[in-house]
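The values are calculated or read from the model by the stated rules, or taken from the named source; none is laboratory data. Just so it is clear, the model here is predicted, and its values are computed rather than measured. Note: ideal-geometry Cβ built from the backbone for every residue, glycine included; neighbour counts use all protein chains shown. Side chains are part of the model used for accessible areas, which takes the heavy atoms of the whole protein and leaves out ligands, DNA and RNA. Shrake-Rupley method; radii C 1.70, N 1.55, O 1.52, S 1.80 Å.
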Amino acid sequence: MIQIILGDITKTRADAIVNAANTSLLGGGGVDGAIHREAGPELLAECRLLHGCRTGQAKLTKGYRLPAKYVIHTPGPVWNGGGRGEEELLKSCYESCLSLAAEHGCKTVAFPSISTGIYRFPLAEAARIAIGTIRAFLEAHPEMEVLMVCFDGATKKHYEEALKRAQAE
Ligand code: AR6
(Lines give C-alpha, C1' and ligand atoms only; values in the text may rest on other atoms or scores of the structure.)
Protein backbone atom coordinates (compact mmCIF):
# COMPACT_ATOMS: atom_id res chain seq x y z
CA MET A 1 0.00 0.00 0.00
CA ILE A 2 1.14 3.55 -0.71
CA GLN A 3 0.04 6.42 1.52
CA ILE A 4 0.75 10.06 0.77
CA ILE A 5 0.90 12.33 3.79
CA LEU A 6 1.91 15.86 4.68
CA GLY A 7 4.53 15.96 7.40
CA ASP A 8 8.07 15.93 8.69
CA ILE A 9 9.85 12.66 7.96
CA THR A 10 12.06 12.99 11.05
CA LYS A 11 8.92 12.49 13.17
CA THR A 12 7.63 9.54 11.16
CA ARG A 13 7.29 6.18 12.88
CA ALA A 14 8.42 3.69 10.26
CA ASP A 15 10.86 0.81 10.23
CA ALA A 16 13.00 2.88 7.87
CA ILE A 17 13.01 6.45 6.65
CA VAL A 18 14.85 7.47 3.50
CA ASN A 19 17.31 10.35 3.42
CA ALA A 20 17.70 12.38 0.20
CA ALA A 21 21.46 12.58 0.72
CA ASN A 22 24.47 13.55 -1.38
CA THR A 23 27.26 11.21 -2.48
CA SER A 24 29.49 12.10 0.50
CA LEU A 25 26.81 10.88 2.96
CA LEU A 26 28.22 13.44 5.37
CA GLY A 27 25.11 15.60 5.72
CA GLY A 28 23.85 18.75 4.03
CA GLY A 29 20.77 20.97 3.91
CA GLY A 30 17.10 20.13 3.31
CA VAL A 31 15.78 16.83 4.62
CA ASP A 32 19.35 15.53 5.03
CA GLY A 33 20.17 18.32 7.49
CA ALA A 34 16.93 17.73 9.41
CA ILE A 35 17.55 13.96 9.68
CA HIS A 36 21.11 14.43 10.98
CA ARG A 37 19.95 17.06 13.49
CA GLU A 38 17.23 14.83 14.91
CA ALA A 39 19.22 11.59 14.83
CA GLY A 40 22.19 13.10 16.67
CA PRO A 41 25.96 12.89 16.07
CA GLU A 42 26.10 9.09 16.15
CA LEU A 43 24.47 9.07 12.71
CA LEU A 44 27.29 11.11 11.18
CA ALA A 45 29.84 8.87 12.91
CA GLU A 46 28.31 5.78 11.27
CA CYS A 47 28.01 7.57 7.91
CA ARG A 48 31.75 8.32 7.97
CA LEU A 49 32.42 4.58 7.94
CA LEU A 50 30.44 4.12 4.71
CA HIS A 51 32.81 6.06 2.40
CA GLY A 52 30.05 7.71 0.42
CA CYS A 53 27.47 6.31 -1.99
CA ARG A 54 26.96 6.60 -5.74
CA THR A 55 23.99 8.47 -7.18
CA GLY A 56 21.03 6.10 -7.55
CA GLN A 57 22.35 3.62 -4.97
CA ALA A 58 21.58 3.37 -1.25
CA LYS A 59 23.21 2.56 2.09
CA LEU A 60 21.62 1.79 5.45
CA THR A 61 22.42 2.99 8.97
CA LYS A 62 20.69 2.84 12.32
CA GLY A 63 18.21 5.60 13.19
CA TYR A 64 19.73 6.55 16.57
CA ARG A 65 17.49 9.21 18.22
CA LEU A 66 14.89 9.09 15.44
CA PRO A 67 11.64 7.15 15.93
CA ALA A 68 12.64 5.09 12.86
CA LYS A 69 14.82 2.01 13.35
CA TYR A 70 16.89 2.62 10.19
CA VAL A 71 17.84 5.44 7.86
CA ILE A 72 18.40 4.53 4.22
CA HIS A 73 20.59 7.13 2.55
CA THR A 74 20.31 7.65 -1.20
CA PRO A 75 21.86 10.40 -3.31
CA GLY A 76 19.32 11.43 -5.94
CA PRO A 77 20.31 12.87 -9.32
CA VAL A 78 20.84 16.61 -9.75
CA TRP A 79 18.47 17.80 -12.51
CA ASN A 80 20.48 18.88 -15.54
CA GLY A 81 17.73 19.14 -18.14
CA GLY A 82 16.78 15.46 -18.31
CA GLY A 83 19.38 14.24 -20.81
CA ARG A 84 21.86 12.91 -18.28
CA GLY A 85 20.10 9.78 -17.10
CA GLU A 86 18.15 11.61 -14.41
CA GLU A 87 15.01 9.49 -14.83
CA GLU A 88 16.85 6.15 -14.59
CA LEU A 89 18.89 7.36 -11.63
CA LEU A 90 15.82 8.53 -9.72
CA LYS A 91 14.08 5.22 -10.41
CA SER A 92 17.18 3.42 -9.19
CA CYS A 93 17.09 5.42 -5.91
CA TYR A 94 13.59 4.17 -5.10
CA GLU A 95 14.41 0.60 -6.16
CA SER A 96 17.67 0.48 -4.20
CA CYS A 97 16.04 1.85 -1.03
CA LEU A 98 13.11 -0.57 -1.22
CA SER A 99 15.36 -3.59 -1.84
CA LEU A 100 17.57 -2.65 1.10
CA ALA A 101 14.51 -2.15 3.31
CA ALA A 102 13.14 -5.58 2.32
CA GLU A 103 16.53 -7.21 3.00
CA HIS A 104 16.42 -5.79 6.52
CA GLY A 105 12.89 -6.99 7.16
CA CYS A 106 11.29 -3.54 7.13
CA LYS A 107 7.52 -3.53 6.72
CA THR A 108 7.03 0.26 6.63
CA VAL A 109 9.28 2.62 4.68
CA ALA A 110 8.90 6.40 4.52
CA PHE A 111 10.26 8.44 1.59
CA PRO A 112 10.74 12.16 1.14
CA SER A 113 10.39 13.58 -2.37
CA ILE A 114 13.93 12.69 -3.53
CA SER A 115 15.73 15.26 -5.74
CA THR A 116 12.88 17.80 -5.95
CA GLY A 117 14.38 20.32 -3.52
CA ILE A 118 17.97 21.49 -3.81
CA TYR A 119 18.53 19.10 -6.78
CA ARG A 120 15.69 20.78 -8.79
CA PHE A 121 14.12 17.66 -10.37
CA PRO A 122 10.72 18.76 -11.82
CA LEU A 123 8.03 17.73 -9.35
CA ALA A 124 5.43 16.23 -11.72
CA GLU A 125 8.06 14.09 -13.43
CA ALA A 126 9.65 13.00 -10.13
CA ALA A 127 6.25 12.08 -8.68
CA ARG A 128 5.38 9.96 -11.73
CA ILE A 129 8.70 8.09 -11.55
CA ALA A 130 8.49 7.59 -7.77
CA ILE A 131 4.91 6.30 -7.77
CA GLY A 132 5.49 3.99 -10.76
CA THR A 133 8.62 2.50 -9.22
CA ILE A 134 7.07 2.03 -5.77
CA ARG A 135 3.94 0.42 -7.21
CA ALA A 136 5.97 -2.04 -9.28
CA PHE A 137 8.02 -2.99 -6.21
CA LEU A 138 4.96 -3.45 -4.01
CA GLU A 139 3.42 -5.86 -6.48
CA ALA A 140 6.23 -8.26 -5.57
CA HIS A 141 6.19 -7.25 -1.86
CA PRO A 142 2.52 -6.85 -0.89
CA GLU A 143 3.41 -7.13 2.81
CA MET A 144 5.24 -3.79 2.72
CA GLU A 145 3.77 -0.33 3.24
CA VAL A 146 5.25 2.86 1.77
CA LEU A 147 4.61 6.34 3.07
CA MET A 148 5.41 9.35 0.87
CA VAL A 149 6.03 12.12 3.38
CA CYS A 150 5.54 15.47 1.64
CA PHE A 151 6.82 18.59 3.32
CA ASP A 152 4.44 21.01 1.56
CA GLY A 153 1.01 20.99 -0.05
CA ALA A 154 2.21 21.44 -3.64
CA THR A 155 4.43 18.37 -3.35
CA LYS A 156 1.61 16.34 -1.81
CA LYS A 157 -0.73 17.35 -4.65
CA HIS A 158 1.71 16.15 -7.29
CA TYR A 159 2.16 12.75 -5.64
CA GLU A 160 -1.60 12.34 -5.17
CA GLU A 161 -2.14 13.21 -8.81
CA ALA A 162 0.54 10.72 -9.93
CA LEU A 163 -1.03 7.98 -7.78
CA LYS A 164 -4.50 8.70 -9.16
CA ARG A 165 -3.20 8.52 -12.73
CA ALA A 166 -1.33 5.28 -12.09
CA GLN A 167 -4.42 3.68 -10.51
CA ALA A 168 -6.57 4.73 -13.48
CA GLU A 169 -4.24 3.09 -16.02
N1 AR6 B 1 10.53 15.95 6.01
C2 AR6 B 1 10.08 15.63 4.77
N3 AR6 B 1 10.48 16.28 3.65
C4 AR6 B 1 11.36 17.29 3.79
C5 AR6 B 1 11.88 17.70 5.05
C6 AR6 B 1 11.43 16.97 6.20
N7 AR6 B 1 11.86 17.26 7.43
N8 AR6 B 1 12.74 18.74 4.84
C9 AR6 B 1 12.73 19.00 3.52
N10 AR6 B 1 11.91 18.14 2.88
P11 AR6 B 1 15.99 18.29 -0.47
P12 AR6 B 1 17.25 16.96 -2.79
C13 AR6 B 1 11.56 18.03 1.45
O14 AR6 B 1 16.49 19.61 -0.92
O15 AR6 B 1 16.52 17.82 -3.74
C16 AR6 B 1 20.92 18.22 0.75
O17 AR6 B 1 21.79 19.28 1.01
C18 AR6 B 1 11.82 19.21 0.55
O19 AR6 B 1 10.81 20.20 0.74
O20 AR6 B 1 16.08 17.95 0.98
O21 AR6 B 1 17.30 15.47 -3.05
C22 AR6 B 1 21.64 16.90 0.49
O23 AR6 B 1 22.79 16.78 1.30
C24 AR6 B 1 11.71 18.55 -0.81
O25 AR6 B 1 10.34 18.36 -1.16
O26 AR6 B 1 16.71 17.07 -1.25
C27 AR6 B 1 21.98 17.02 -0.96
O28 AR6 B 1 23.15 17.78 -1.17
C29 AR6 B 1 12.34 17.15 -0.57
O30 AR6 B 1 12.35 17.00 0.86
C31 AR6 B 1 20.79 17.75 -1.56
O32 AR6 B 1 20.24 18.50 -0.47
C33 AR6 B 1 13.76 17.00 -1.08
O34 AR6 B 1 14.47 18.21 -0.95
C35 AR6 B 1 19.73 16.79 -2.04
O36 AR6 B 1 18.72 17.52 -2.69
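Before moving on, here are some points about what is shown:
- A Cβ-based charge dipole, computed about the Cα centre of the chain with Lys and Arg at +1 and Asp and Glu at -1, lands at about 280 debye.
- Each residue of the range 44-59 was assigned a 3J(HN,Hα) from its phi angle through the Karplus curve 6.51 cos²θ - 1.76 cosθ + 1.60 (θ = phi - 60°); the sequence is 4, 4, 5, 4, 4, 7, 8, 6, x, 7, 7, 4, x, 9, 8, 9 Hz, with glycine and proline shown as x.
- Segment Ala102-Arg54, extension gain: residue separation times 0.36 nm, minus the distance between their alpha carbons: 15.3 nm
- Qualifying lysines (Cα of each under 29 Å from Cα of Lys164; at least 8 residues distant if same chain): Lys11, Lys91, Lys107, Lys156
- Close amide H partners of Glu145, meaning residues 5 or more places away or on another chain with modelled amide H under 5 Å apart, are Thr108, Val109.
- Karplus (6.51, -1.76, 1.60) ³J(HN,Hα), θ = phi - 60°, over the range 21-38, in Hz, Gly and Pro reported as x: 8, 10, 5, 6, 6, 9, x, x, x, x, 5, 4, x, 5, 5, 5, 4, 6
- Accessible surface of Leu123, taken over heavy atoms with a 1.4 Å probe and every protein chain present, rounds to 40 Å².
- The alpha carbon gyration tensor of the range 59-121 gives principal lengths a ≥ b ≥ c with a/c of 1.5 or higher and a/b greater than b/c, which makes the shape prolate.
- Over 14 Å [Cα-Cα, the range 82-169], rounded percent: 63
- By accessible area with a 1.4 Å probe, ligands and nucleic acids excluded, highest first: order of Ser115, Ser92: Ser92, Ser115
- Cα shape, the range 6-146, gyration tensor, a/c 1.5 rule: oblate
- Residue among Leu66, Leu98, Leu44 with the largest mean-square fluctuation in a Gaussian network model of the chain, springs linking Cα atoms under 10 Å: Leu44
- Over the chain, accessible surface divided per residue gives 49 Å², non-protein components excluded, 1.4 Å probe.
- The apolar share of the surface of the range 1-155, taken as the fraction of accessible area on carbon and sulfur atoms (1.4 Å probe, ligands and nucleic acids excluded), comes to 52 percent.
- The convex hull around the C-alpha trace of the range 120-169, projected and averaged over every direction, spans 3.6 square nanometres.
- On the basis of the beta-carbon distance and an R0 of 35 Å, Glu161 and Ser24 show a calculated FRET efficiency of 0.55.
- Amide proton proximity set for Tyr70, modelled H, under 5 Å, gap of 5+: Ala16, Ile17, Gly63
- Backbone phi angles across the range 153-168, fed through the Karplus curve with coefficients 6.51, -1.76 and 1.60 (θ = phi - 60°), yield HN-Hα couplings of x, 5, 5, 4, 4, 5, 5, 5, 4, 5, 5, 4, 4, 5, 5, 7 Hz in residue order; Gly and Pro are listed as x.
- DSSP beta bridges fully contained in the range 1-108 are about 40 percent antiparallel.
- MRE, 222 nm, helices only [DSSP H, n ≥ 4, -39500 (n - 2.57), over the chain, to nearest 500]: -13500 deg cm²/dmol
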